[in-house]
Structures are given as C-alpha cells and as structure tokens.
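Before any comments, here is the structure.
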Amino acid sequence: MRHKVKKVKLGTDKQHTIAIMRNLAMSVIIYEKIKTTAAKAKAVQPLVERLISIGKKENKREAIREIMSMLNHENCSKKIMEVLVSKYKDRNSGYTRITKLGYRTGDNAPVVQLELI
C-alpha cells in the first residue's frame with residue numbers, strides 16, 4: 001500500500017524528472033514567476049520553498065553549497081542569498097503561490113502560474 005508516500009513521476013523516468021524539477025526551480029527563482037501545468041507546479045513548489053529556507057540558514061557558506069548541489073546554477077544561489085532571503089526574512093514558509101489560468105489548447109492540460117509572493 002502507498003499510504004503517506006508521495007512520489008512525483010511526471011510521466012518520465014527518474015533522471016528526466018529530476019532535470020525537469022531543477023529547471024523549473026531555476027526558472028521560478030530567476031524570473032519569479034512561470035507558467036506551467038498544474039502537476040509540474042505542485043511538484044516543484046516544495047523544492048522552491050525548501051531552497052529559500054536553506055538560504056535563510058545561519059551558516060551562509062553551507063547554505064550556498066547546498067543550493068549549488070541542488071541547482072548547479074550560480075545566478076540562482078546569488079539571487080536566493082542576496083535578494084530572496086532579505087525579502088522573506090519575516091516569513092517562515094509560504095513563499096510561493098499557484099494561480100489557475102485555464103486549460104492549454106491541444107491537450108487540454110490545466111495551466112497554472114507559479115510565482116513568488
């Protein structure tokens with residue numbers, strides 16, 4: 001039974017799912033909002049929240065190393081450490097918002113906007 005087991009598949013194999021999650025997380029951090037399908041947004045939202053929480057750690061060097069190991073993108077770690085940590089210093093969680101936009105033409109997939117609050 002799969003009680004309390006949450007696994008994200010996104011219809012691909014493990015390596016492709018990891019790549020999709022990393023790319024979406026980088027896009028959310030750099031552009032501060034993206035338009036994607038509902039399943040992908042729900043899958044990447046906890047990752048983005050965790051990255052911002054990691055950036056708020058006391059030991060900044062350790063936080064940068066953790067973020068770089070997850071994303072492998074220098075601009076993302078800089079933006080988290082310089083811009084987003086100071087922006088969310090009063091919040092403990094809830095850094096992102098998902099807004100429904102409608103349905104995509106072609107395959108009728110639900111499209112949402114994932115943005116930083």
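Values quoted throughout were computed directly from the atomic coordinates according to the rules given, and no laboratory measurement underlies them. From a predicted model like this one, the values you see are computed outputs, not experimental measurements. As a convention, Cβ positions derive from the backbone with ideal geometry for all residues, glycine included, and neighbour counts pool all protein chains shown.
Placing unit charges on the Cβ atoms of the charged side chains and taking the dipole of the chain about its Cα centre, the candidate lying farthest along the positive direction among I34, I67, T99 is T99.
Under a Cβ-Cβ cut-off of 15 Å, what is the net charge of the residues other than I29 that fall near it, where Lys and Arg count +1 and Asp and Glu count -1? After counting each charged neighbour, the total is +2. When the chain is treated as a Gaussian network with alpha carbon springs shorter than 10 Å, the biggest mean-square fluctuation among S93, S27, S77 belongs to S93. Among the listed pairs K33/K87; K33/K100; K40/K89; K4/K57, a Cα-Cα separation exceeding 21 Å is found for K40/K89; K4/K57.
What size of dipole, in debye to the nearest 20, comes out for the chain about its Cα centre when the only charges are +1 on Lys and Arg C-beta atoms and -1 on Asp and Glu C-beta atoms?
Values: 25 positive and 11 negative charges, 74 e Å.
The dipole of the chain has a size of about 360 debye.
Report, in deg cm²/dmol and to the nearest 500, the calculated mean residue ellipticity at 222 nm for the chain, where each DSSP H run with n ≥ 4 adds -39500 (n - 2.57) and the sum is divided by the residue count. It would help to have the intermediate numbers written out before the result.
On the way: 4 runs with 54 residues, N = 117.
Computed ellipticity for the chain at 222 nm equals -15000 deg cm²/dmol.
Taking the 0 to 90 degree range and rounding to the nearest ten, how far is the long axis of helix 14-31 tilted relative to the main principal axis of the chain, both from C-alpha atoms? It is inclined by approximately 60 degrees.
Within the listed set L84, L71, L101, the Gaussian network model of the chain (springs between alpha-carbon atoms below 10 Å) gives the highest mean-square fluctuation for L101. Given that just one value was derived from the coordinates, which of [x] 45, 32, 28; [y] 37, 33, 25; [z] 54, 28, 17 is Cα extents along the principal axes in Å? The value computed from this structure is option [x].
Taking 7 Å steps out from each Cα toward its Cβ at S53 and V83 produces label points 2.3 nm apart.
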